[in-house]
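See structure below.
The values are calculated or read from the model by the stated rules, or taken from the named source; none is laboratory data. Worth saying up front: this structure is predicted, and the values here are computed from it rather than measured. Note: ideal-geometry Cβ built from the backbone for every residue, glycine included; neighbour counts use all protein chains shown.
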């Protein structure tokens, strides 16, 4: 346990600076976005009301009121979320390859640690999970702050205040925050299973190099096939025999099998096949 | 432990924030939208056993919330719990019930109610195999019958006669009358046909055309069933068919085509007879999908300045009866936001007026108003004045 914590701490520290930069960009860009979008709305309101001489109520009728949903459609808001996502996806690869291609023979030292090698694998995955959930939490903390900023800029007659749970249900944010906690666990659990599969693909490549890429692709295809097997079999062989609830539990089982296989194969490769 | 403060703090903040969010939203969602009915006149018991379905947008906002309401509660349909959504089959209500009772029989079926029929003895399902697969060479009826007493399932297949004439076929209704199964099918070139099967011999007995539209060059046409057969799996005596022919094809030409034929036909399923409704002109306009057949009377609701009028046409005697009128106490109506449904001998209508929405329930046999109420909308704990509310379905539940 102590070794595991040490490794997680080590991995977190290695990425922390870049991570803080990502957090900073998100905070800045989204708050600027709230101000810019609100100003643009007010400017349009001014033009329509004072230049085109259309009454206020008619303007609201035509253009709608300003609410946080309008903000979530802007690039200022979605841009940093996408950027963080992309950086974290790249880091899923980088977290392994930096040990091989970084200074000195770091991978050699890491693999020689007096601990089960699977701990390294789990520690790296934990790091990714922590970073992802950290960003999700940041977004949740930012929403009330940004709502306050919106209230400062736009007067109440042009504004519809929405509670946080209504904002996160908007199409853009709904992906980050599923409706219920069970779905949250399922979606992010599914994401982590995908991270484990990618980790194992990387270990295939690190174990067998060029040949490993082919093994990795085959392994990846097999994992996808196992994961989607219940859906495919139900649609093409069973003529939609299963009801949604039955299909859900089969999918859950298939997901757990894929996850268990990824960890087991990863463990096997790290223990027996890995090259430095 | 001190050296791990960074990961410990990331963990703590994350768990606290995400945990609080989900705990809060589970409390918040249950009461964000509430629509109550304030009694104006009549018997409040009329509101029991009905469910209204609609959409709500607050304060000129494009946030759109679909809900279902009874006189006791409003349920936000976007906020059902995960297991509520997974355990549902997505099938319309009458089929949900069938799935609960006959789980295995209902597997691998198209879950559209008009392909099913249920009475006290049996559940019958009909489908046309691969209607969309081209080239159509396999247009085949597949019929399955579940006998309720013995729980036996019998299935048989019959080729569609003259199937080479059809590019596609869709089942409109399935009915069983004394061991005779009638499958009513809408086919290519706006044709409506009935195929009658002997269920004991598992054979096709006869096939007849109920209605068809003669092909007119460069015109558009439409044939539709206007009394609600889609959600019904019970016995029905009549189908109400609307035939429209336009002088231009609606699909290709931008300017509005003129209606050159607008006919209504009543089809008596049991006796396999059709009858054209000869109607006064003013009723033509209002005859749409809210029209219904009750016993042997066609009921056609229409909006008037004071409320709703229902024209009555008796199929058997071929006569127009007295027009029923249901007046509203508030008549300043808002365009386009009303919904009317005729169901089990009653009229249900919801009108948007300048001071909110009014619901009226009327008796179609006596022409009396049974209940009138005003809808009171609260959203996030505050009573709402500016909002949009649309209703699209009213169902009765037992």
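Structure notes:
- The set of residues from segment B:372-386 being surrounded by fewer than 21 Cβ atoms within 10 Å (Cβ to Cβ), part of a strand (DSSP E or B) and in contact (Cβ under 8 Å) with a residue 60 or more places away in the chain comprises B:374, B:375, B:376, B:377, B:378, B:379.
- Subset of segment B:48-74 that is under 24 Å from the mean Cα position of the chain (by Cα) and within 14 Å of chain A (Cβ to nearest Cβ) - its residue that is farthest from residue A:73 (Cα to Cα): B:67
- From A:34, A:48, residue being away from chain B (no Cβ under 11 Å), surrounded by 15 or more Cβ atoms within 10 Å (Cβ to Cβ), out of contact with any strand residue (DSSP E or B) (no Cβ under 9 Å at 6 or more places or on another chain) and modelled with pLDDT under 95: A:48
- When residues of segment B:181-214 are limited to those that are at pLDDT 85 or above and outside any strand (DSSP E or B), the one nearest to residue B:277 (Cα to Cα): B:199
- Screening residue A:188 on (1) outside the structural domain of residue A:204 (by TED's automatic domain parsing); (2) farther than 30 Å from residue A:59 by Cα; (3) surrounded by 14 or more Cβ atoms within 10 Å (Cβ to Cβ) shows it passes everything except condition (1).
- Pairing each residue of segment B:138-154 that is touching a residue at least 40 places away in the same chain (Cβ under 8 Å) with any residue that is assigned to a loop (DSSP other than H, G, I, E, B), provided the two are 6+ apart or on different chains, yields C-beta distances under 7 Å for B:141/B:160; B:145/B:199; B:146/B:102; B:146/B:105; B:153/B:105.
- Residues in segment B:135-158 that are modelled with pLDDT under 90 and over 15 Å from residue B:187 (Cβ atoms): B:135, B:137, B:138.
- Segment A:51-64 - residue that is part of a loop (DSSP other than H, G, I, E, B) and surrounded by 14 or more Cβ atoms within 10 Å (Cβ to Cβ) and, of those, modelled with the highest pLDDT: A:54
- Residue count for segment A:232-267, restricted to those that are within 14 Å of chain B (Cβ to nearest Cβ) and not in a loop (DSSP other than H, G, I, E, B): 14.
- Yes/no for residue B:109 being part of a loop (DSSP other than H, G, I, E, B) and within 14 Å of chain A (Cβ to nearest Cβ): yes
Listed here are the residues, each with its yes/no results for (1) surrounded by 14 or more Cβ atoms within 10 Å (Cβ to Cβ); (2) in the same structural domain as residue A:91 (by TED's automatic domain parsing).
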residue: A:157; (1), (2): no, yes
residue: A:164; (1), (2): yes, yes
residue: A:184; (1), (2): yes, no
residue: A:242; (1), (2): yes, no
residue: A:272; (1), (2): no, no
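- Close pairs from segment B:155-180: first in a loop (DSSP other than H, G, I, E, B), partner modelled with pLDDT under 85, Cβ under 6 Å, at least 6 apart: B:160/B:139; B:166/B:187; B:166/B:188; B:167/B:188; B:168/B:131; B:168/B:188
- As a summary of the residue check, residue B:79 satisfies the conditions (1) at pLDDT 90 or above; (2) buried (at least 16 other Cβ atoms within 10 Å of the Cβ); (3) facing another protein chain (nearest Cβ under 7 Å) except for the one numbered (1).
- Residue within segment B:189-199 that is closer than 16 Å to residue B:138 by Cβ and either without any contact (Cβ under 8 Å) to a residue 24 or more places away in the chain or surrounded by 15 or more Cβ atoms within 10 Å (Cβ to Cβ) (or both) present: no
- Test: residue in segment A:191-204 that is more than 20 Å from the chain's Cα centre (by Cα) and under 23 Å from residue A:125 (Cβ atoms): yes
- Residue within segment A:20-27 that is exposed (fewer than 15 other Cβ atoms within 10 Å of the Cβ) and either under 30 Å from residue A:117 (Cα atoms) or not assigned by TED's automatic domain parsing to the domain that holds residue A:158 (or both) present: yes
- Check on residue A:20, out of contact with any helix residue (DSSP H, G or I) (no Cβ under 7 Å at 6 or more places or on another chain), within 14 Å of another protein chain (Cβ to nearest Cβ) and at pLDDT 95 or above: yes
- Taking segment A:65-182 as the region of interest, the helices (runs of 4 or more DSSP H) fully inside it that hold 2 or more residues being within 14 Å of chain B (Cβ to nearest Cβ) are A:68-72, A:118-153, A:164-167, A:171-174.
- Restricting segment B:215-231 to residues that are under 29 Å from the mean Cα position of the chain (by Cα) and surrounded by fewer than 16 Cβ atoms within 10 Å (Cβ to Cβ), the residue that is modelled with the lowest pLDDT: B:230
- Within segment B:1-47, considering residues that are modelled with pLDDT under 90 and either buried (at least 18 other Cβ atoms within 10 Å of the Cβ) or assigned to a loop (DSSP other than H, G, I, E, B) (or both), the one nearest to the other protein chains (Cβ to nearest Cβ): B:25
- Residue A:42 outside any helix (DSSP H, G or I) and over 19 Å from the mean Cα position of the chain (by Cα): no
- Test for residue A:195: is it closer than 27 Å to residue A:106 by Cα, assigned to a helix (DSSP H, G or I) and in contact (Cβ under 8 Å) with a residue 40 or more places away in the chain: yes
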